[in-house]
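One structure is given below, encoded as structure tokens.
What follows is calculated from the coordinates using simple rules that are stated; it is not laboratory data. These numbers come from a predicted model, not from an experiment. Every residue, glycine as well, gets a Cβ built from its backbone with ideal geometry; the counts of neighbours run over all protein chains shown.
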Amino acid sequence: VPIPCQKRFKLQLLCSGAGWSLGGSYDLLENEVVLSCHNGLVNRSQSNAQSPSLLVEPGAAEYVIVGTAFPQGDDVACRGRLLIFGVALHSGTRQLHLVHAENTKAPISAVTTIGGLIIAAVGSSIR
């Protein structure tokens, strides 16, 4: 009988420059896997009615946007999360800091930015 295990993954920032070096990391939740990742400019001057906390200050900034899923078998509905990270320089190394996390009822299979807005494929819909 196989022993049940809880898989746990981590996002690790890989920095180029004078050779490749490891930057900051972020531990994902149990059974959470990354399905998509995109680095893009996000316009912070417009807030979404569903996520007003994304409004920080006017202007555009570069973020790392990650779409995840929690696959748990055929009999359980798969959910996901949208994670938005900023990258900052701390003590000479780049670090990830979580700016926003939003739970979704379906996995996020693709993310991109268009015109400063985040576009995500959540299950069978695009938001």
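Data table
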item	result
Percent of C-alpha pairs per 10 Å bin, the stretch 83-127, short to long	23, 42, 25, 9, 0
Around Q72: net Lys/Arg minus Asp/Glu count, Cβ-Cβ under 11 Å	-2
Cut-off under 5 Å, modelled amide H: who pairs with R44 long-range	G59, A60, A61
